[in-house]
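*Asks:* There's a structure below that I have some questions on.
The values are calculated or read from the model by the stated rules, or taken from the named source; none is laboratory data. As the structure is a prediction and not an experimental result, all values here were calculated from the model. Positions of Cβ are backbone-derived with ideal geometry, glycine not excepted, and every protein chain shown enters the neighbour counts.
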Amino acid sequence: MTTWYCTNCNYKMEQDESPENCSNCLAHAKLILNMAEGIPANPEDVRDSARKKLKGLCAAYPLCDGNFDKVCQKEAYGKPIGFGGAGQGTSFKNNVQSLMNLRLKMRVTGEHTEPDTSIDFLGIKLDFPIMGSSTAGIEKYNDAMPEKDFCRAVIRGCKEAGTIGWRGDTWFYTPENNPALEVLKEEKGAGIPIFKPRSQDVLKRLINMAEAAGCPAVGIDLDGCGSTIMAKHGQPVFRKSAKDIKELVKFTTLPFITKGIMAIEDAEVCAEAGVKVISISNHGGRVLDSTPGVAEVLPEIASSLKGRVVITADGGVRTGYDVLKMIALGADAVLLGRDIIRASVGAGSLGVQLHMEHIGKVFKKAMFMTGQTTVNEITGNVLC
Ligand SMILES: Cc1cc2nc3c(=O)[nH]c(=O)nc-3n(C[C@H](O)[C@H](O)[C@H](O)COP(=O)(O)O)c2cc1C
């Protein structure tokens, strides 16, 4: 008799032949492991597993920077974007490079106190200021895992780690068939859906569904407005005016998030429209080549809007040290994109949990070694 382990719900099954689905949560066979072969115990085990499943798309390199020597970027001409960045990948690279260019000031005198990494995000207590970013479409990457299992892995894994996952939107999601909203409903709203900037009417339907699922917030990725694949599949996306954004903010009782802000002018429009969370992001460098890195634009936007809105940042954040840097530059919280996709593909919700906990642990160490005791007190002084 073989013991099988579901990485999405931690359920163990005893049977000879490999299960087609988890008998507890129905997760696909791809998320079920033979216990005799070992269960991932750390983020590196998870990455090893992801590397195999994402062969040809992403090699889960120790340095995920969108450089030409990486499989996601080097053969990109005329091919789907996969895990890479738009064009020559400069925006993707700038995200990583701009964080690498920053230096932390080590501080080792003073009281010996344990850093408190927790934050309050829209009234939700998070164990650390790190969330799973909105991503979607993973089912189409090497058939890595069914989309619904992917959504579940991010939502559950983040929750188990003491944080919250955001969910994305893509061309094969519709209001009628929406893996993210289905999972959010099943998980009692334990995540935040970010919709593509679809027509106002469709967005209102989706927002109503998010409210009914019990989600704590809802939003749109404004930088999804250039997606041609959405229109190709009969789901057009649009640039949104100040009036459109205000209309959506007023439409919902939930805090509203706009993601994909890289310019102070856009940030001001959103803040004036009543948006609660401004998510500084260039979509991991996937929507426009040659933008600065997120860490380059964050200080200007944060210095003008800090306190008026909640600010999140994502793009190139790979370590707990990067998290500290983004917070030092003015972010209230940080999101992980590609790393969370790899973690879910590698080992479902267990993979996401292991990865999140690891980044949280290193962030705590980074706070300790720079003399920070609470997240709120972190300023640009930790940089040198
Ligand atoms: C494969 C893939 C799919 C993504 N899908 C979405 C999405 O549906 N909605 C969204 O707002 N952002 C999406 N993003 C962008 C992420 O939310 C995030 O902004 C970005 O990945 C952060 O950069 P990082 O990957 O370097 O951490 C996607 C990113 C990747 C790599």
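*Asks:* Residues to consider are Ile245, Ile264; find the one that is β-branched (Val, Ile, Thr) and closer than 24 Å to Trp171 by Cβ.
*Replies:* Details: Ile264 fails: closer than 24 Å to Trp171 by Cβ.
On inspection, the qualifying residue turns out to be Ile245.
*Asks:* Within region 208-235, restricting attention to residues that are of a type in the set (Asp, Glu) and touching a residue at least 60 places away in the same chain (Cβ under 8 Å), which residue is surrounded by the most Cβ atoms within 10 Å (Cβ to Cβ)? Step through it out loud before you land on a result.
*Replies:* From region 208-235, those of a type in the set (Asp, Glu) are 211, 221, 223; that's our starting set.
Among the residues that remain, those that are also touching a residue at least 60 places away in the same chain (Cβ under 8 Å) are: 221, 223.
On the way: Asp221: 26, Asp223: 23.
The selected residue is Asp221.
*Asks:* I'd like the residue in region 154-173 that is over 11 Å from the mean Cα position of the chain (by Cα), within 14 Å of the ligand (Cβ to nearest atom) and of a type outside the set (D, E, K, R) and, out of all such residues, is surrounded by the most Cβ atoms within 10 Å (Cβ to Cβ). Spell out the reasoning first.
*Replies:* In the first step, residues of region 154-173 are kept if they are over 11 Å from the mean Cα position of the chain (by Cα); the result is 156-157, 159-163, 169-173.
Add one more test, that the residue is within 14 Å of the ligand (Cβ to nearest atom), and what stays is 169-173.
Add one more test, that the residue is of a type outside the set (D, E, K, R), and what stays is 170-173.
Working: Thr170: 21, Trp171: 19, Phe172: 17, Tyr173: 27.
Looking at residues that are over 11 Å from the mean Cα position of the chain (by Cα), within 14 Å of the ligand (Cβ to nearest atom) and of a type outside the set (D, E, K, R), I get Tyr173.
*Asks:* Considering region 161-172 alone, what residues qualify as being in contact (Cβ under 8 Å) with a residue 60 or more places away in the chain and either over 13 Å from Ala210 (Cα atoms) or not aromatic (Phe, Trp, Tyr) (or both)? Full working, then the answer.
*Replies:* The first filter runs over region 161-172 and keeps only residues in contact (Cβ under 8 Å) with a residue 60 or more places away in the chain, leaving 161-163, 165-166, 170-172.
Ala161, Gly162, Thr163, Gly165, Thr170, Trp171, Phe172 - these are the residues of region 161-172 that are in contact (Cβ under 8 Å) with a residue 60 or more places away in the chain and either over 13 Å from Ala210 (Cα atoms) or not aromatic (Phe, Trp, Tyr) (or both).
*Asks:* Okay, moving on. Of the residues that sit in region 64-117 and are acidic (Asp, Glu) and more than 15 Å from the ligand (Cβ to nearest atom), which one is farthest from Leu383 (Cα to Cα)? If you could, list the steps in order and put the result at the bottom.
*Replies:* Looking only at region 64-117, we keep the residues that are acidic (Asp, Glu), and these are 65, 69, 75, 111, 114, 116.
Now narrow it down to the ones that are more than 15 Å from the ligand (Cβ to nearest atom): 69, 75, 111, 114, 116.
On the way: Asp69: 30, Glu75: 37, Glu111: 20, Glu114: 20, Asp116: 19 Å.
Across region 64-117, the extreme among qualifying residues is Glu75.
*Asks:* Right, something else. Within region 127-144, identify whether any single residue is under 18 Å from Thr252 (Cβ atoms) and in contact (Cβ under 8 Å) with a residue 40 or more places away in the chain, and answer yes or no. Lay out the reasoning, then the answer.
*Replies:* Taking region 127-144 as the starting set, the residues that turn out to be under 18 Å from Thr252 (Cβ atoms) are 134.
Now narrow it down to the ones that are in contact (Cβ under 8 Å) with a residue 40 or more places away in the chain: 134.
Taking every residue of region 127-144 in turn, at least one turns out to be under 18 Å from Thr252 (Cβ atoms) and in contact (Cβ under 8 Å) with a residue 40 or more places away in the chain.
*Asks:* Kindly evaluate Val108 against the criterion of being among the β-branched types (Val, Ile, Thr) and not in a loop (DSSP other than H, G, I, E, B).
*Replies:* On the way: among the β-branched types (Val, Ile, Thr): yes; not in a loop (DSSP other than H, G, I, E, B): no.
Spelling it out, it is not the case that Val108 is among the β-branched types (Val, Ile, Thr) and not in a loop (DSSP other than H, G, I, E, B).
*Asks:* Basic (Lys, Arg) and crowded, with 18+ Cβ neighbours inside 10 Å: is that true of Lys204 in this structure?
*Replies:* Working: basic (Lys, Arg): yes; crowded, with 18+ Cβ neighbours inside 10 Å: no.
No.
*Asks:* On to the next question. Write out, first by first residue and then by second, each pair whose Cβ atoms fall under 7 Å of each other, whose residues are 6+ apart or on separate chains, and whose first residue, in region 357-384, is without any contact (Cβ under 8 Å) to a residue 24 or more places away in the chain while the second is assigned to a helix (DSSP H, G or I).
*Replies:* Nothing qualifies.
*Asks:* Select from region 118-141 the residues that are away from the ligand (no atom under 13 Å from the Cβ) and either within 30 Å of Trp171 (Cβ to Cβ) or touching a Pro at 6+ places or on another chain (Cβ under 8 Å) (or both) and list them in ascending order.
*Replies:* Once the filter is applied, which keeps residues that are away from the ligand (no atom under 13 Å from the Cβ) and either within 30 Å of Trp171 (Cβ to Cβ) or touching a Pro at 6+ places or on another chain (Cβ under 8 Å) (or both), region 118-141 yields Ile119, Phe121, Leu122, Gly123, Ile124.
*Asks:* Looking at Arg205 and the list (1) more than 15 Å from the ligand (Cβ to nearest atom); (2) in contact with an Asp or Glu (Cβ under 9 Å, 6 or more places away or on another chain), which single condition is not satisfied?
*Replies:* Status for Arg205: all satisfied but (2).
*Asks:* Of Ile341, Ile327, which residue is out of contact with any His (no Cβ under 8 Å at 6 or more places or on another chain), within 12 Å of the ligand (Cβ to nearest atom) and part of a helix (DSSP H, G or I)? Quick ask: steps written out before the conclusion?
*Replies:* On the way: Ile327 fails: within 12 Å of the ligand (Cβ to nearest atom).
The conditions single out Ile341.
*Asks:* If you check Thr109 against the conditions, is it surrounded by 15 or more Cβ atoms within 10 Å (Cβ to Cβ) and either within 18 Å of the chain's Cα centre (by Cα) or modelled with pLDDT of 95 or more (or both)?
*Replies:* Values: surrounded by 15 or more Cβ atoms within 10 Å (Cβ to Cβ): no; either within 18 Å of the chain's Cα centre (by Cα) or modelled with pLDDT of 95 or more (or both): yes.
Criteria not met by Thr109.
*Asks:* Read through the list (1) crowded, with 16+ Cβ neighbours inside 10 Å; (2) assigned to a helix (DSSP H, G or I); (3) over 23 Å from the mean Cα position of the chain (by Cα), then give the number of the only condition that Arg47 fails.
*Replies:* Against the list (1) crowded, with 16+ Cβ neighbours inside 10 Å; (2) assigned to a helix (DSSP H, G or I); (3) over 23 Å from the mean Cα position of the chain (by Cα), Arg47 comes up short only on (3).
*Asks:* Right, something else. Quick check on region 74-92: of everything there that is outside any loop (DSSP other than H, G, I, E, B) and surrounded by fewer than 22 Cβ atoms within 10 Å (Cβ to Cβ), which residue is modelled with the highest pLDDT?
*Replies:* Start the filter on region 74-92 by keeping residues that are outside any loop (DSSP other than H, G, I, E, B), which leaves 74, 90-92.
Filter again for surrounded by fewer than 22 Cβ atoms within 10 Å (Cβ to Cβ), leaving 74, 90.
Values: Lys74: 74, Thr90: 95.
My answer is Thr90.
*Asks:* Here is a follow-up. Count, please, the residues in region 4-31 that happen to be closer than 17 Å to Glu147 by Cβ, in contact (Cβ under 8 Å) with a residue 24 or more places away in the chain and in a strand (DSSP E or B).
*Replies:* The total comes to 1.
*Asks:* Also, quick follow-up: Restricting region 275-296 to residues that are more than 11 Å from the ligand (Cβ to nearest atom) and crowded, with 23+ Cβ neighbours inside 10 Å, which is nearest to Leu222 (Cα to Cα)?
*Replies:* Ranking the qualifying residues of region 275-296, first place goes to Ile278.
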